[in-house]
Amino acid sequence: MKKIIVLSALIMGGLAAQAQEQPVVLGKFADNWSIGINGGAITPLTHSAIFKNARPAFGLEVSKQLTPIFGVGLIGTGYINTTASKTAIDGSDVSAVGKINLMNLFGGYNGVPRTFEIETVTGVGWLHSYVNGDGDANSWSTRVGLNFNFNLGEEKAWTVGIKPALVYDMQGDFNQHKSRFNANNAGLEVMAGLTYHFKGSNGKHHFSTVRPYNQGEIDDLNARVNDLRSQVNDKDGQLGTAAQRINALQKELDDCRNKVPAVQTVVKSDRVPESIVTFKQGKSTVDVSQLPNVERVASYLNKYPTAKVVIKGYASPEGSLAFNEKLAAARAEAVKSILVKKYKISADRIVAEGQGIGDMFSEADWNRVSICTIDHAK
């Protein structure tokens, strides 16, 4: 009795520890069922040779795991008669049992069954004895044992177990004591079993676990979620504003692309015709063939020291507006540079201006020019 009390105290202590540390186990009533077959032998516990008086035994077991620690089951066992009697099965026992997984009780459950586990099994049942003719006997039994389980496979769907147990006939042959544990009325049952664990709603053959949260943690998480939602709403507003700005800039860009350059009328001097210097596409270098046109302007400026020249550079419409504006200015500066460096015309007598895209000529290519116009001082 003292041993039982000590063992119970240890189990209760383990349960208290697991109640604090064990994660929340997810599972439904239809989950964590199993079915198994058992085979082995039973022999009287006392006053008999163990092997000589052993009888074959077989059985079926259905179990439901309530938690990773606790389980319940129904075990049906038949005992084969080895005497000359015509009764092939001389006894059977049907027991309702409870199971405690000692490994999970003291070591915790990490979401996957261990390869090797030990269970305690205790229960009560109905013990029936069969004889030839009249005289069948019924009594109630108790079962106390251990299961040494080996969980197989990656999914742990199958279990092979060695299952020693003591089965007591609680009424037995002692009329003065109708209900008692007595070794003279007990059998040592040793079975080997194969069990299949059905797949549950979590898609696994065993319990899933989740981390437990207290209310304070839940409140903190809700506050963080609300804060993130507020940040998302702010970002949505910023994105909306940015989208409007992008649309406005896109409209301005389209307007610039479609804008028709202002046409500036070139007034010709009555005293000297304009000199036109043409350029190749995308170039701002004066070609050798165009140097006579530049020299014509230089000759006139040398002849009339008070005269000035306005050089306006143009570009054809290919390419972007910004590029063409730079190219037009570079063409005007190229002609000015020749007048200053080669013909020694004073730079203050020359105005070089880029006019962007030109449309003076019907052919777009002809607008790649610099037009030099003489301006007489008054």
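Trp126 satisfies every condition listed in (1) buried (at least 17 other Cβ atoms within 10 Å of the Cβ); (2) within 15 Å of Val167 (Cα to Cα); (3) more than 50 Å from the chain's Cα centre (by Cα) except (1).
Looking only at segment 340-364, filter to residues that are among the acidic types (Asp, Glu) and exposed (fewer than 14 other Cβ atoms within 10 Å of the Cβ); which one of those is farthest from Leu327 (Cα to Cα)?
First, pick out the residues of segment 340-364 that are among the acidic types (Asp, Glu): 348, 353, 359, 363.
Keeping just the survivors that are exposed (fewer than 14 other Cβ atoms within 10 Å of the Cβ) gives 348, 363.
Details: Asp348: 22, Glu363: 18 Å.
So the residue we want is Asp348.
For the subset of segment 47-62 comprising residues that are among the small types (Gly, Ala, Ser) and part of a loop (DSSP other than H, G, I, E, B), which member is surrounded by the fewest Cβ atoms within 10 Å (Cβ to Cβ)? Outline the logic, then answer.
Quick first cut of segment 47-62, residues among the small types (Gly, Ala, Ser) only: 48-49, 54, 57, 59.
Now restrict to residues that are part of a loop (DSSP other than H, G, I, E, B): 48-49, 54.
Working: Ser48: 13, Ala49: 9, Ala54: 19.
Per the criteria, the residue is Ala49.
Once segment 125-156 is narrowed to residues that are of a type in the set (A, V, I, L, M, F, W, C) and touching a residue at least 40 places away in the same chain (Cβ under 8 Å), the residue that is nearest to Ser208 (Cα to Cα) is Leu127. Remark: pairs (first residue in segment 61-73, at negative phi; second residue charged (D, E, K, R) and surrounded by fewer than 19 Cβ atoms within 10 Å (Cβ to Cβ); Cβ separation under 6 Å; 6+ apart in sequence or on different chains) = Val72/Lys64. Residues in segment 117-144 that are farther than 17 Å from Met191 by Cα and among the hydrophobic types (A, V, I, L, M, F, W, C): Val124, Trp126, Leu127, Val131, Ala137, Trp140.
In segment 204-216, the condition of being loosely packed, with under 14 Cβ neighbours inside 10 Å, closer than 30 Å to Ile75 by Cα and at pLDDT below 90 is met by no residue. Restricting attention to segment 300-357, the residues that are in a helix (DSSP H, G or I), within 16 Å of Lys259 (Cα to Cα) and not hydrophobic (A, V, I, L, M, F, W, C) total 2.
Return the only residue of Lys308, Lys326, Lys312 being out of contact with any Leu (no Cβ under 6 Å at 6 or more places or on another chain), surrounded by 20 or more Cβ atoms within 10 Å (Cβ to Cβ) and in contact (Cβ under 8 Å) with a residue 12 or more places away in the chain. First the steps, then the outcome.
Working: Lys308 fails: surrounded by 20 or more Cβ atoms within 10 Å (Cβ to Cβ); Lys326 fails: surrounded by 20 or more Cβ atoms within 10 Å (Cβ to Cβ).
Result: Lys312 is the single residue among Lys308, Lys326, Lys312 that is out of contact with any Leu (no Cβ under 6 Å at 6 or more places or on another chain), surrounded by 20 or more Cβ atoms within 10 Å (Cβ to Cβ) and in contact (Cβ under 8 Å) with a residue 12 or more places away in the chain.
Results for (1) modelled with pLDDT under 60; (2) of a type outside the set (A, V, I, L, M), shown as yes or no for each residue.
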position: Gln20; (1), (2): yes, yes
position: Ile37; (1), (2): no, no
position: Ile50; (1), (2): no, no
position: Val62; (1), (2): no, no
position: Gly76; (1), (2): no, yes
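If we scan segment 219-241, do we find a residue that is over 31 Å from the mean Cα position of the chain (by Cα), outside the structural domain of Gly111 (by TED's automatic domain parsing) and more than 30 Å from Thr120 (Cα to Cα)? So that I can check it myself, show each step before the final result.
Going through segment 219-241, the residues over 31 Å from the mean Cα position of the chain (by Cα) turn out to be 241.
Subsequent filtering for residues that are outside the structural domain of Gly111 (by TED's automatic domain parsing) retains 241.
Checking which are more than 30 Å from Thr120 (Cα to Cα) leaves us with 241.
Yes, there is a match, as at least one residue in segment 219-241 is over 31 Å from the mean Cα position of the chain (by Cα), outside the structural domain of Gly111 (by TED's automatic domain parsing) and more than 30 Å from Thr120 (Cα to Cα).
The values are calculated or read from the model by the stated rules, or taken from the named source; none is laboratory data. Small disclaimer: the values here were computed from a predicted structure and weren't measured. FYI the Cβ positions are ideal-geometry reconstructions off the backbone, even for glycines, and counts take in every protein chain you see.
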